[in-house]
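Below is one structure; the comments refer to it alone.
The values are calculated or read from the model by the stated rules, or taken from the named source; none is laboratory data. Since the structure is predicted, the reported quantities are computational estimates derived from the model, not experimental observations. Reconstructed Cβ throughout: ideal geometry from the backbone, glycine too, with neighbour counts over all protein chains shown.
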Amino acid sequence: IVMLQIENLEVEVENKKIINSLNLSVGGGEFHVIMGPNGSGKSTLALTLMGHPNYKITNGKIEFDGKVINDIPVDERARMGIFLTFQHPEDIDGVKIIDYLRLLLEKVKGIEPAKALQIIPKKAKEVWFSADMLSRYINVGFSGGERKRFEILQALLIKPKLLILDEPDSGVDIDSLSLISHKIRELYEQGTSILLITHYGRILEHIDPKIVRVHIMKDGHIVMSGKEELVEKIEKEGFKKVFEECGCNE
Ligand code: ADP
Ligand code: MG
Ligand code: MG
């Protein structure tokens, strides 16, 4: 059954049309990959799916679990089971990780603070976050690997129905990449549908999922879809050549 259904989506940012005529559907428990050159609209799509207020849907619809969510705010989408890990997680000076995660669990999952305080340190350890780390301010002075591991920690705590991962493998060291992949695999095995945005086949080798579809974005929409061989082809030949071959430049 279809979990996420995007039809003829058009999105504007700052009065500029970024996404156009985009169609995509993701079923329960499926693993999909999105690739595309820089500026092709991958992050815009991800942020739109999460409900970021700056991304305005000017046409089309997004359906999740049979409900149109175009006008549903971020927090409500999170409660419905959608979660996004950011490509560029921002610093939030003055807000401690532990306090943020406690609030996240309460707002999204209805978990009481006392219970949350038991759950969080255990999960945090799984992504190499010590108790000291939990009292630091969000992302302030964090390394690339720490930032991306913190994103994954949130996903692990929430266990969403649909997890959108925006370049979880960019800017991370090799050990973090391996851990992050392992944790994505864990969520996938537990039934979470995955929409993974990446530039590299390496993370897919680590996760080793049964990829349902690889979608290639160009200028705000999906120009081609294929199976995992497409990842290899792009890594070998580059987008430019693949686009020429498919006549995607016309
Ligand atoms: P990708 O993630 O594929 O690299 P993005 O979605 O980040 O692409 O960007 C797609 C296009 O939208 C780019 O041309 C980018 O400059 C533009 N864009 C994205 N966000 C904004 C914004 N907040 N304001 C203005 N332009 C934006
Ligand atoms: Mg980019
Ligand atoms: Mg991006």
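Of everything in region 197-248, what is on the phi > 0 side of the Ramachandran plot and within 16 Å of ligand 1 (Cβ to nearest atom)? Give them in sequence order.
Result: 219, 220, 238.
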So, in region 170-225, of the ones that are within 27 Å of residue 22 (Cα to Cα), in contact with a Gly (Cβ under 6 Å, 6 or more places away or on another chain) and assigned to a loop (DSSP other than H, G, I, E, B), which residue ends up nearest to ligand 3 (Cβ to nearest atom)?
220
Restricting region 11-50 to residues that are touching a Leu at 6+ places or on another chain (Cβ under 6 Å) and under 17 Å from residue 194 (Cβ atoms), the residue that is farthest from ligand 2 (Cβ to nearest atom)
26
Checked against (1) among the aliphatic types (A, V, I, L, M); (2) touching a strand residue (DSSP E or B) at 6+ places or on another chain (Cβ under 8 Å); (3) within 16 Å of ligand 3 (Cβ to nearest atom); (4) without any contact (Cβ under 8 Å) to a residue 40 or more places away in the chain, residue 164 satisfies every condition except (4)
Does any residue of region 10-24 turn out to be free of Cβ contacts under 8 Å to residues at least 24 places away in the same chain, over 23 Å from residue 150 (Cβ atoms), more than 16 Å from ligand 3 (Cβ to nearest atom) and part of a loop (DSSP other than H, G, I, E, B)?
yes
Within region 127-137, identify whether any single residue is in contact (Cβ under 8 Å) with a residue 24 or more places away in the chain and either of a type in the set (Asp, Glu) or within 16 Å of ligand 2 (Cβ to nearest atom) (or both), and answer yes or no.
no
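For (1) exposed (fewer than 14 other Cβ atoms within 10 Å of the Cβ); (2) at negative phi, each residue gets a yes or a no:
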{"position": "66", "(1), (2)": "yes, no"}
{"position": "73", "(1), (2)": "yes, yes"}
{"position": "92", "(1), (2)": "yes, yes"}
{"position": "97", "(1), (2)": "no, yes"}
{"position": "103", "(1), (2)": "yes, yes"}
{"position": "131", "(1), (2)": "yes, yes"}
{"position": "137", "(1), (2)": "no, yes"}
Which listed residue is aliphatic (A, V, I, L, M), closer than 17 Å to residue 137 by Cα and either modelled with pLDDT of 95 or more or over 16 Å from the mean Cα position of the chain (by Cα) (or both), from 120, 111
120
Selected residue (criterion: surrounded by the most Cβ atoms within 10 Å (Cβ to Cβ)) from residues of region 160-169 that are part of a loop (DSSP other than H, G, I, E, B) and not basic (Lys, Arg):
168
In the list 166, 175, 132, which residue meets the criterion of being under 19 Å from residue 74 (Cβ atoms) and acidic (Asp, Glu)?
166
Of all residues being touching a helix residue (DSSP H, G or I) at 6+ places or on another chain (Cβ under 7 Å), within 30 Å of residue 238 (Cα to Cα) and not hydrophobic (A, V, I, L, M, F, W, C) in region 29-77, which is nearest to ligand 3 (Cβ to nearest atom)? Just the residue, please.
36
